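This report concerns only the one structure given below.
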Amino acid sequence: MFHNRAEAMALALPAAVFAAAVFLLPVILLLAEGFKSAEGWSAAAYTGFFSEPINQTVFWRTLRLGAIVTVVSAVIGYAAAFAIVNLKPGTKGRMIGLVILPLMISPVARTYAWIVILGRTGIVNQALQGLGLTDGPLRILFTETAVFIGLLQLFLPLMIISLISALENMPRDAVPAARVLGANWFQVFWKVILPLTKEGVVIGGTLVFTGSLTAYITPAILGGSKVLMLETLLYQQVSVANDFVSASVIALILIVMSFAANLLLKRVATARNNR
Amino acid sequence: MKKVILASGVALMLGMGAAHAQEKTLTISVYAFAQDEFKKIVYDPFEKLCSCKLVVETGNSVERLAKMEANKANPVVDMAVVSMADALAATRSDLIEKIDTSKLSNFDKLYDIAKDPNGDGMSVGYTFYATSIAYRTDKMKIESWADLLKPEYVEHVAFPNVTTNQGPPALYMLGQALGKDSPDLKGAIEALGEKKDEIVTFYVKSSQLVQLMQQEEIWAAPIGRFSWAPFTKLDLPIGWATPKEGQTGGMNVMVLAKGSKNQELALQFMDFWLSTEVQAKLAEALVDSPANKEVKVSDQVANNITYGQETAESLKLIPSDVALDNRNAWLSEWNAKVGQ
């Protein structure tokens, strides 16, 4: 398309300069804060961060919730995406529209709705008591369960959409062929569908996991300070303690976790391929 | 003829001079709260009065103080309103200057607690608020701050997070009620930590409480008087407790930026804000409780704000130096005992 590399580079230059100036440089400056100390460069802020029991709790909670949300959304997402791609074109369009619909509503509004739904007098507790499953109202709000439900609802559409596009690119007759050759449904999924849609899982999984790590409103409102996550802790460090060093430590941890999740997902996906 | 032209030329230049004076600007730094009302009641009328321009910067006090610190060498802000403790922090960082109260004609009209809250002459209180407990009068009886931790009530209580403005005062009173009052609030935080699983939530935004109260998620929560009004509009029996240990609260103060080039104008603005007329209007609009004791309001308004000599005198405020010297210790103690 281009006569030479230089020409292509020249065209990319403005965007690259812009990205470097307003994104890369500030991020590097911010993260550098975490490695500065009175005696020069050191990782003391990081070891200090992880030596505090509360920070460990918050770190593991964030990792755990992110992982659970990702796995559960992949399971539900596969089922939903599989059902949707096999629909007639018109219905399929409408169903995809329904999946995307929640993304068009502000997360604040959605999260506040959960306060009503999950409350002591909310529909969930009424149903549980109506069915005789519980004697009194359960406390769901301001627990990890509430944060999990909120995050799952927030990010499930991203997983479904990624999986739909991956499933659509899968050869139509791959599944029938595997069935004819005697594979059961589990084998079909594990040996045929999963390898052929791994791109979708990697993209969807990364979106959901990074989304869960960085979502602020949902854990802040549904979890409150009883369920601190790294992102709510970060906010606390900046806005209350005015401690930008700890905040940049948390920021780097979140970035590393996101990259690690992406690499891990890619590894898992390719590992299946190589077998 | 020549003289006339000359005279009109001079007049024109004088006029321009006056126009130039109109370009005078005063930069103030305030809480991002009720700005529409402040514009109507304080900013617009003052701009007319001083024929100057007001530039309003808003944000929470941590952000705004950080900004003042960053611009220390060349201050942008002329006057700021902050909490009592933040005013002391600004004094310690050498960001603010002594206020010449002889230039404030309304100074003598202030309640005593507002005149010099930190006792260093660096700030003047313009509003204060009581903090007590909003509670369901049909479900419980609150006679002491310690009643919140009673086993039959504690599962229906929301307590302010230590990071909010209401947190430390509420802990301070809880400590007094438990007979464990020390500046580090250790006793109160520990008592709260023991009940942390029972307590519904440690709230950060008081606006959330109205919904929780309406959903019967909670029966009681310590709140600042300024967030009381919405509770009275719920169709529920909710009362404002007067615990035997007293009420606590907080005060917001005005400070003068060090090195500001518009000190006279800033003082003029402070005086205007403290005037009986402006303070009364702010009270009527339920924006800020008056620190000016000449302000008279209707019973209905008084019900919704922190009002009157008796209330003003009964407030047990945390001394600023205690708040400042212990803030980080409170946070780490809280994170260790309650936050996990």
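Read the figures in this text as sums done on the coordinates, not as results from a lab. Bear in mind that the values here come from a model prediction, so they are computed numbers and not experimental data. Note that we place each Cβ from the backbone using ideal geometry, even for glycine, and neighbour counts take in every protein chain shown.
Take the Cα atoms of chain A, build their convex hull, and give its volume per residue in Å³.
Details: hull volume 62.1 nm³, N = 275.
Taking only Cα atoms, chain A has a hull volume of 226 Å³ per residue.
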Checklist entry - Which is farthest toward the positive dipole end of the protein assembly as shown among B:I96, B:L282, A:A12, measuring Cα position about the Cα centre, with Cβ charges +1 (Lys, Arg) and -1 (Asp, Glu)? => result A:A12
Checklist outcome for this item: The Kirkwood hydrodynamic radius of chain B, taken as the inverse of the mean 1/r over all distinct Cα pairs, in Å, comes to 21.6
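Cross-chain or 8 or more residues apart, Cα under 28 Å: how many lysine pairs in segment B:238-297 fit that? Count them up, please.
Working: B:K244/B:K293; B:K244/B:K296; B:K281/B:K293; B:K281/B:K296.
Lysine pairs meeting the criterion: 4.
Which whole number gives the average count of other chain Cβ atoms within 10 Å of the Cβ atoms across peptide B:322-328?
Details: counts 0, 0, 0, 0, 0, 3, 4.
Mean shielding count: 1.
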Next on the checklist: Can you tell me how segment A:1-118 classifies by the Cα gyration tensor, rounded, prolate or oblate, using a/c under 1.5 as the rounded cut?
Outcome noted: oblate
Item to check | Interchain or long-range residues, amide H under 5 Å from B:S132's placed H | outcome: B:I223, B:R225
Checklist outcome for this item: In Å, the C-alpha Rg and Dmax of the protein assembly as shown are 29.9, 114
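Quick check: residue separation of B:K150 and B:K196 times 0.36 nm, minus the Cα distance between them. What number comes out in nm?
On the way: separation 46, 0.36 × 46 = 16.56 nm, distance 1.28 nm.
Once the chain is fully extended between B:K150 and B:K196, it gains 15.3 nm.
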Next on the checklist: Just to be sure I understand the model, the point goes 7 Å from the Cα along the line to the Cβ. What's the resulting B:T58 to B:K316 distance in nm?
Outcome noted: 3.5
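Write down the Kirkwood hydrodynamic radius of segment A:65-181, to one decimal in angstroms, obtained as one divided by the mean of 1/r over all alpha carbon pairs. Numbers along the way, then the final one.
Working: mean 1/r = 0.0609 Å⁻¹.
Computed over segment A:65-181, the radius equals 16.4 Å.
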Item to check | Length released on extending from B:T25 to B:D325, taking residue separation times 0.36 nm less the Cα-Cα span | outcome: 104.4 nm
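What's the average, rounded to a whole number, of partner chain beta-carbon atoms within 10 Å of each residue's beta-carbon in B:208-218?
Details: counts 5, 0, 0, 4, 5, 0, 3, 8, 4, 11, 1.
The shielding value for this peptide is 4.
Between B:K72 and A:A38, take the C-beta separation as r, use R0 = 22 Å, and let me know the FRET efficiency to the nearest 0.05. Walk me through the numbers on the way to the answer.
Numbers: r = 22 Å, r/R0 = 0.98.
With a Förster radius of 22 Å, E is 0.50.
Once you order the gyration tensor axes a ≥ b ≥ c over the Cα atoms, which shape class does segment A:175-246 get: rounded for a/c under 1.5, otherwise prolate or oblate by comparing a/b with b/c?
Values: a/c = 5.90, a/b = 3.68, b/c = 1.60.
Prolate is the answer for segment A:175-246, as a/c is 1.5 or above and a/b outweighs b/c.
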Checklist entry - Hey, got the average number of other protein chain Cβ atoms within 10 angstrom for residues in A:118-125? => result 3
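Less than 15 Å Cβ to Cβ from A:M95, Lys/Arg counted +1 and Asp/Glu -1: what total charge do the surrounding residues give? Can you show the working numbers first?
Working: positive: A:K88, A:K92, A:R94; negative: A:E168.
Neighbour charge sum, excluding A:M95 itself: +2.
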Checklist entry - Per residue Cα convex hull volume for segment B:41-120, in cubic angstrom? => result 130
Checklist entry - Hey, got the dipole for segment A:43-274? About the Cα centre, +1 on K and R Cβ, -1 on D and E Cβ, debye to the nearest 20? => result 640
Checklist outcome for this item: Inter-part gap, Cα centre of segment B:85-138 to Cα centre of segment A:168-198, in whole angstrom, is 72
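Using mean Cβ contacts within 10 Å as the protection proxy, how do B:43-49, A:228-234 order, highest first?
Working: B:43-49: 14.7, A:228-234: 23.3.
Listed from highest to lowest mean packing, they are A:228-234, B:43-49.
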Item to check | Residue-averaged [θ]222 nm for the protein assembly as shown, counting only DSSP H segments that reach four residues, each worth -39500 (n - 2.57) | outcome: -16500 deg cm²/dmol
Checklist entry - Whole-Å semi-axes of segment B:143-227's equivalent ellipsoid, largest first, each the root of 5 times a Cα gyration tensor eigenvalue? => result 20, 15, 11
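If I take R0 = 41 Å and measure r between the Cβ atoms of A:N86 and A:A113 in this structure, what FRET efficiency does the formula 1/(1 + (r/R0)^6) give, to the nearest 0.05? Spell out each step's value before the answer.
Working: r = 31 Å, r/R0 = 0.75.
Computed FRET efficiency for A:N86 and A:A113: 0.85.
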Checklist outcome for this item: Contour minus Cα-Cα span, B:Q300 to B:F33, at 0.36 nm per residue, comes to 93.9 nm
